[in-house]
Each structure stands twice: as structure tokens, then as C-alpha cells.
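S.K.: The following block contains the structure, expressed as C-alpha cells.
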Amino acid sequence: MKNLFEELCKDYRFKEGFHNCINCGTCTAVCPAAEFYRYDPRRIVDTVQTRDDAQIEALLKSETIWYCGECMSCVTRCPRKNGPGLVVMALRELSIRLGYFTESEKGRQMLPLTRIMTGNILKYGYCIHPETFRFEDHLEAGPVWKWHMDHLEKSLERQGANYMGDGPGVLRKIPDKSIAELKSIFDVTGGTERIEHVEECSRRKADEMGMEYDEYERYAFEHCSETHFNE
């Protein structure tokens, strides 16, 4: 196993966000995620500063690094211009690369997120698209949004959208040539390889948990333990 701290140092986000932390806790005080989750960005940076492989590995396998909303409030308030949010991004990337993300409940959500978000981009050219939005999966959206989805085309027409139409306009159909270019960008930049890696690691975890793959994906999407939240 390579030195995990050294691996983090290769990530430009880590280089930008990890400086001389004085553990003042300002990042935790301003963090919206820390208000709701059992999450403390100061402790994350403190753990990384130990440069201890065992502690960093535990962090990579934990729920903790998946609570951050990447709002970067921490960057705006840190007296040393650290960016715990950037450090978390680097930790997430390393967790995925090493396959550790499947060891945590929140980390396992990478499978449905990857399938939905990148699937939409590579098929429709949008990261979020009405064709793949199911109201049943997002009951928090409320009855107004359900009505909107039940009357989607008429509703979008009233708002002036060009839904899946040719030419300009909101939610227009992205030309096949542009979709092909997006796929090429994914291939060249490692995006396609990452998608395949998330799928491969998730399949192994599904087998380990004794689940069919579709069952595992649904479980990862829906299941949320109460242990994540502050009391």
C-alpha cells in the first residue's frame, strides 16, 4: 500500500486546501453540514495532519467524508485560508480510487449517483433530466412537483421550454454530435474508467452483502441510518 498522505498530496485540491491548520474550529462553527450531521471538518483536517496511514485509511472508509456539501463556507472563514471542503474532495477521490467507498453507507451511494448523474450527461447532455426523475424517489418534493411531473410537457411548454425539441431553448435535445463529444471527453479524462471502477467495486460489495446488483443499488439509494444525524 502506498503512503496515503503522499497520495493525497498528488491531488491539486489537497494542495490548495491543506495548509497550516491551527485547529481553531472556525470551519466547524460555520459548516452547515456540521449542524445536522455528526461531522466535524476540523477533526478531518486534524486526522490528515497526523500523516498516519491507519487513521487516514479509517477516514477513507468512514461515513464522515461523505457528509460535506462542498459549499466551501469553510474556505471563506478560515484564518489560515485552509479549505477542509477541498481536503474532503481529495479524500473522496482517493476513497473511490482505492475502493474504500463501499465500506460506508453514504459512500455506497456513489453507485446510484454515478448512474443517474453521469448516465443523464452521456444520454441527454444534462446532469439532471425529467426523463429519469421519479417523483416516488423524491417525495420531499411535495404534491406541486408531482403535479408538474404528471403534466410535464404542458407545464414546460407554458414556461417556454423547448423540451426535447430541435434548436435552442431550455431542455432542448442535445445533438448526437455533441453527445459523442461528451463521451470522448469522458474517455480521455478518465471519466469512463471511473464509472467502470465504481460499478466493479459496487458489484463486489453487492456479492459480499449477499444482494442482487439491482437490489444493492436500490438499497444504496434508499437506506439511511439514523446514526448519521446529530441528536
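The values are calculated or read from the model by the stated rules, or taken from the named source; none is laboratory data. Please read these numbers as outputs of a predicted model, since none were measured by experiment. Every residue, glycine as well, gets a Cβ built from its backbone with ideal geometry; the counts of neighbours run over all protein chains shown. Accessible surface areas use protein heavy atoms only, side chains included; no ligands, DNA or RNA. Shrake-Rupley method; radii C 1.70, N 1.55, O 1.52, S 1.80 Å.
S.K.: If you go through region 4-28, how many residues are touching a residue at least 40 places away in the same chain (Cβ under 8 Å) and open to solvent by 60 Å² or more (accessible area, probe 1.4 Å)?
M.R.: 5
S.K.: Filter region 29-57 down to the residues that are among the β-branched types (Val, Ile, Thr) and touching a residue at least 12 places away in the same chain (Cβ under 8 Å) and list them by number.
M.R.: Across region 29-57, the qualifying residues are 30, 44, 45, 47, 48, 56.
S.K.: All but one of (1) out of contact with any Leu (no Cβ under 9 Å at 6 or more places or on another chain); (2) buried (at least 16 other Cβ atoms within 10 Å of the Cβ); (3) over 30 Å from residue 58 (Cα atoms) hold for residue 130, so report the exception by its number.
M.R.: Every listed condition holds for residue 130 apart from (1).
S.K.: Quick one: residue 76 ticks every box in (1) surrounded by 15 or more Cβ atoms within 10 Å (Cβ to Cβ); (2) more than 14 Å from the chain's Cα centre (by Cα); (3) within 14 Å of residue 17 (Cβ to Cβ) bar one, so which box is it?
M.R.: Result: residue 76 passes all but (1).
S.K.: Let me ask you something else. Which pairs do you get when a residue that is in contact (Cβ under 8 Å) with a residue 24 or more places away in the chain, found in region 113-140, comes within reach of a residue that is open to solvent by 70 Å² or more (accessible area, probe 1.4 Å) and in a helix (DSSP H, G or I), reach meaning Cβ atoms under 7 angstrom, with the pair 6+ apart or on two chains?
M.R.: 122/183; 124/131
S.K.: Name every residue in region 177-231 that is in contact with a Pro (Cβ under 6 Å, 6 or more places away or on another chain) and of a type in the set (A, V, I, L, M), in order of residue number.
M.R.: Selection gives 220 alone.
S.K.: May I pose another question? For the condition open to solvent by 100 Å² or more (accessible area, probe 1.4 Å), modelled with pLDDT of 95 or more and not in a loop (DSSP other than H, G, I, E, B), what is the one hit in 136, 196, 140, 153?
M.R.: That would be 196, the only listed residue that is open to solvent by 100 Å² or more (accessible area, probe 1.4 Å), modelled with pLDDT of 95 or more and not in a loop (DSSP other than H, G, I, E, B).
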